[in-house]
1. Select the strands (runs of 3 or more DSSP E) contained entirely in the range 77-152, then report the ones holding at least 1 residues which are surrounded by fewer than 23 Cβ atoms within 10 Å (Cβ to Cβ) and out of contact with any strand residue (DSSP E or B) (no Cβ under 9 Å at 6 or more places or on another chain).
2. Would you pick out the residues in the range 206-233 that are touching a helix residue (DSSP H, G or I) at 6+ places or on another chain (Cβ under 8 Å), crowded, with 20+ Cβ neighbours inside 10 Å and more than 16 Å from residue 154 (Cβ to Cβ)?
3. Only residues that are touching a residue at least 24 places away in the same chain (Cβ under 8 Å) and surrounded by fewer than 22 Cβ atoms within 10 Å (Cβ to Cβ): list them for the range 162-179, please.
4. So residue 317 clears everything in (1) within 26 Å of residue 219 (Cβ to Cβ); (2) modelled with pLDDT of 80 or more except one condition, right? Which one?
């Protein structure tokens, strides 16, 4: 099934339809929401206590696809950020531009990911560097052995420090040796990571994890240019903004424009902005995903951007359900 699913994703990507790779964002259960709305339901539950359906992980399932298949990865987590398995096709309802779609393909599997670590080494990060390094080390330590990583460092300039590698120690060593200086070319750094993943990634699932305070003052690229770029790629972007309350004496902490910028970037891919004060607060990322496939009821080959909405029904005995999915895709063009 994995090889057929990867083939489906490859064909889907070739037609310009967007898919994404990894994980956690608050979703609505028992309601229709867009990728940015947040609601929750409650219950109890799986490997963590909730029921798991044995059918979800059948490896003998055959998936027959066409080039018009739209694939939407969805990640569901509990309130603690742990992946929730055991959901079935009937628990998901998909809508494209408000029109309900028939889910014809369904799978759930843990597959390797190509991950771009985009690390802010600007002067404003100086008091947060120890924490930032710890965050990256935690991500690498909890990754799949088959995952591959690259590291982009940015300050006033952007630089590919470590090309894609499956040698995880290279990432740890490189992050440990980074120094801080200069301004912040955040948008340029994300664009560089996207280009590297597009050209060199070995895995179909691709993700960027941005570690930054979000203050961009040196990029040549604009926010709108980057938004257009990420909409056309199958890369999920999460941002980890280190909480700076420990560096401020006043209360409440001052509002920083970086938060809005990071939310703007991540929202385009269905990713999430995480603000953490301790490494242990990091959610479980990049792992078990549900892959939903459908043939659009809109057969027009007009190249338009089509918005995806998701309705999730919480099964009895499950806990709070949080999910993330890509907001939409570009239809093929004749």
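1. Working: elements: 92-96, 99-101, 105-109, 114-120.
Where strands (runs of 3 or more DSSP E) fall fully within the range 77-152 and carry at least 1 residues being surrounded by fewer than 23 Cβ atoms within 10 Å (Cβ to Cβ) and out of contact with any strand residue (DSSP E or B) (no Cβ under 9 Å at 6 or more places or on another chain), they are 99-101.
2. Hits for the range 206-233 are 206, 230, 233.
3. Passing the criteria: 163, 164, 168, 172, 176, 178, 179.
4. Result: residue 317 passes all but (1).
The values are calculated or read from the model by the stated rules, or taken from the named source; none is laboratory data. Fair warning: this is a prediction, and the values are worked out from it, not measured in the lab. Ideal geometry is used to build each Cβ from the backbone, glycine not excepted, and the neighbour counts take in all protein chains shown.
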